[in-house]
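**Q** This is the structure, below, for whatever I ask next.
Nothing in this text is a laboratory measurement; each read-out follows from the coordinates by a stated rule. All values derive from a computational prediction rather than experimental measurement. Here Cβ is always computed from backbone atoms with ideal geometry, including for glycine, and neighbour counts include all displayed protein chains.
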Amino acid sequence: MSKPSPQGHLMSTETLDELGSVVAQQKAMERGPLFLPHGCRLFQVASGWESNMIRKDKGVAIAETLLELEAALRNQDVKIVFIPLNALMTTPDIEKICQRNGVTKTLFKEVRE
């Protein structure tokens, strides 16, 4: 389904979702990161539309467990990782996984506000 842009052009739902993900990521980044080992940055993202937009982004890996987080960090194609609110991991857990893997990634952890 497409929606008209202000200029009268049609924008695909996929394009709108991509734009929504970028806006949600930027909004989370404004709060500032928690710096983790090896240059990883962990941002908190509000539960709701922001987290939904990042979760829907095809370029974002979702990690609900420590094993999934480890796999995402080891995957060279993954640059951004989303950690849902119900994920079975704490910030110290995330820090340990980042320390062990020695790669730079951007992580978004969903939080309740």
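**Q** Taking the Cβ of residue 44 as the centre, find all other residues whose Cβ is under 15 Å away and add up their charges (Lys, Arg: +1; Asp, Glu: -1).
**A** Local charge sum for residue 44: +1.
**Q** Listed here are the pairs 58/96; 56/96; 56/109; which of them are more than 18 Å apart at the Cα?
**A** From 58/96; 56/96; 56/109, over 18 Å: 58/96; 56/96.
**Q** Relative to the present Cα-Cα distance, how much length would full extension add between residue 14 and residue 65 at 0.36 nm per residue of separation?
**A** So the extension gain works out to 15.6 nm.
**Q** Compute the convex hull volume of the Cα atoms of the chain, divide it by the residue count, and report the result per residue in Å³ as a whole number.
**A** In the chain, the Cα convex hull volume per residue is 112 Å³.
**Q** Would you give the gap between the C-alpha center of segment 43-63 and the C-alpha center of segment 97-113, rounded to a whole Å?
**A** Using only Cα atoms, the two centres lie 13 Å from each other.
**Q** If you don't mind, another one. Amide H to amide H, which residues 5 or more places from residue 82 or on other chains are under 5 Å from it, using H placed in the peptide plane?
**A** 61, 62, 63, 108
**Q** If I fit a long axis through the Cα atoms of helix 91-101 and take the longest principal axis of the Cα atoms of the chain, what angle between them do I get, 0 to 90°, rounded to 10?
**A** Helix 91-101 sits roughly 80 degrees off the main axis of the chain.
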